[in-house]
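K.L.:
Quick one: the structure is below, and I'll ask about it shortly.
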Amino acid sequence: MPLIEWNSTFSVEIQKIDEQHKKFFSLLNVLYDAILQGKGEEIVGPVLKELQQYVIFHFKSEESWMKLYHYPDMNKHKLEHEEAIQKVNKFALEYERGQKTVDIELLKFLSAWLQNHILQTDRNYIPYFRGKL
Ligand SMILES: [Fe+2]
Ligand SMILES: [Fe+2]
């Protein structure tokens, strides 16, 4: 069972952004699987790194579009992104410093965060981006 499954309720009706969200979902699932299957450092380490980089890439993409299309709630939205980045960085740091394991509960938290963020926060930019991206 994947940790997080895409369905159309997550669509923001902008293909470029939906693709990024799907990739985000997929990286969370790959990491989740690797941990459940007890995969070693050589698998988990690089996936965690890729997730960390992708999260930043996705948030920067959204923030640059919010700026470009004068989205009024950008600062509040950015704060939510920053909280998630801190969470992912914490994972990575704990992984590096600790016993090379990722806490499943933290992954579940991130997965829930992402779903809420898409459904409640990302949705709000739809009218500002529609037809532009
Ligand atoms: Fe966002
Ligand atoms: Fe997003």
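Read-outs: derived from the displayed coordinates by stated rules, not from any lab. Source: prediction; values computed, not measured. Glycine gets a Cβ as well: all are built from the backbone with ideal geometry, and neighbour counts include every protein chain shown.
K.L.:
Looking at (1) away from ligand 2 (no atom under 11 Å from the Cβ); (2) within 12 Å of the chain's Cα centre (by Cα); (3) surrounded by 18 or more Cβ atoms within 10 Å (Cβ to Cβ); (4) aliphatic (A, V, I, L, M), which is the one condition that is false for Ile56?
P.N.:
(3)
For (1) of a type outside the set (S, T, N, Q); (2) on the phi > 0 side of the Ramachandran plot; (3) part of a helix (DSSP H, G or I), each residue gets a yes or a no:
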position	(1), (2), (3)
Lys78	yes, no, yes
His81	yes, no, yes
Lys87	yes, no, yes
Leu93	yes, no, yes
Lys100	yes, yes, no
Leu106	yes, no, yes
Trp113	yes, no, yes
His117	yes, no, yes
Thr121	no, no, yes
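K.L.:
Could we say that Glu96 is among the acidic types (Asp, Glu) and within 16 Å of ligand 1 (Cβ to nearest atom) here?
P.N.:
Working: among the acidic types (Asp, Glu): yes; within 16 Å of ligand 1 (Cβ to nearest atom): no.
No, not satisfied.
K.L.:
Select from the range 106-127 the residues that are surrounded by 13 or more Cβ atoms within 10 Å (Cβ to Cβ) and within 14 Å of Lys76 (Cβ to Cβ) and write down the one among them that is nearest to ligand 2 (Cβ to nearest atom). Walk me through it before giving the result.
P.N.:
Initial filter on the range 106-127 (surrounded by 13 or more Cβ atoms within 10 Å (Cβ to Cβ)): 106-111, 113-115, 117-118, 121-126.
Then keep just the ones that are within 14 Å of Lys76 (Cβ to Cβ); that gives 117, 121-125.
Working: His117: 6, Thr121: 8, Asp122: 4, Arg123: 10, Asn124: 11, Tyr125: 9 Å.
Ranking the candidates gives Asp122 first.
K.L.:
Still on this structure, please answer the following. Within the range 75-105, work out how many residues are under 27 Å from Arg123 (Cα atoms), away from ligand 2 (no atom under 16 Å from the Cβ) and among the aliphatic types (A, V, I, L, M).
P.N.:
0
K.L.:
Go through (1) without any contact (Cβ under 8 Å) to a residue 60 or more places away in the chain; (2) in a helix (DSSP H, G or I); (3) away from ligand 2 (no atom under 16 Å from the Cβ) and name the single condition Pro72 misses.
P.N.:
The number of the failed condition is (2).
K.L.:
Exactly one condition in (1) in a helix (DSSP H, G or I); (2) surrounded by 11 or more Cβ atoms within 10 Å (Cβ to Cβ); (3) out of contact with any Pro (no Cβ under 8 Å at 6 or more places or on another chain); (4) touching a residue at least 40 places away in the same chain (Cβ under 8 Å) is not met by Thr9; state its number.
P.N.:
Just one mismatch for Thr9, condition (2).
K.L.:
Okay, next question. When you go through (1) exposed (fewer than 15 other Cβ atoms within 10 Å of the Cβ); (2) assigned to a helix (DSSP H, G or I); (3) in contact (Cβ under 8 Å) with a residue 24 or more places away in the chain one by one for Ile17, which number turns out not to apply?
P.N.:
For Ile17, the failing item is (1).
K.L.:
If only one of Lys67, Lys87, Lys108 is among the basic types (Lys, Arg), within 24 Å of Ser8 (Cβ to Cβ) and away from ligand 1 (no atom under 12 Å from the Cβ), which one is it?
P.N.:
Values: Lys67 fails: within 24 Å of Ser8 (Cβ to Cβ); Lys87 fails: within 24 Å of Ser8 (Cβ to Cβ).
Of Lys67, Lys87, Lys108, the one residue that is among the basic types (Lys, Arg), within 24 Å of Ser8 (Cβ to Cβ) and away from ligand 1 (no atom under 12 Å from the Cβ) is Lys108.
K.L.:
Among the numbered criteria (1) out of contact with any Asp or Glu (no Cβ under 6 Å at 6 or more places or on another chain); (2) more than 27 Å from Lys132 (Cα to Cα); (3) touching a residue at least 40 places away in the same chain (Cβ under 8 Å), which one does Phe24 miss?
P.N.:
With (1) out of contact with any Asp or Glu (no Cβ under 6 Å at 6 or more places or on another chain); (2) more than 27 Å from Lys132 (Cα to Cα); (3) touching a residue at least 40 places away in the same chain (Cβ under 8 Å) applied to Phe24, the lone miss is (2).
K.L.:
Could you check the range 6-25 and list, in sequence order, the residues that are aliphatic (A, V, I, L, M) and farther than 25 Å from Lys49 by Cα?
P.N.:
Residues satisfying the conditions are Val12, Ile14.
K.L.:
When Tyr69 is evaluated against the numbered criteria (1) surrounded by 15 or more Cβ atoms within 10 Å (Cβ to Cβ); (2) over 25 Å from Arg130 (Cα atoms), which criterion, by number, is the only one it fails?
P.N.:
(2)
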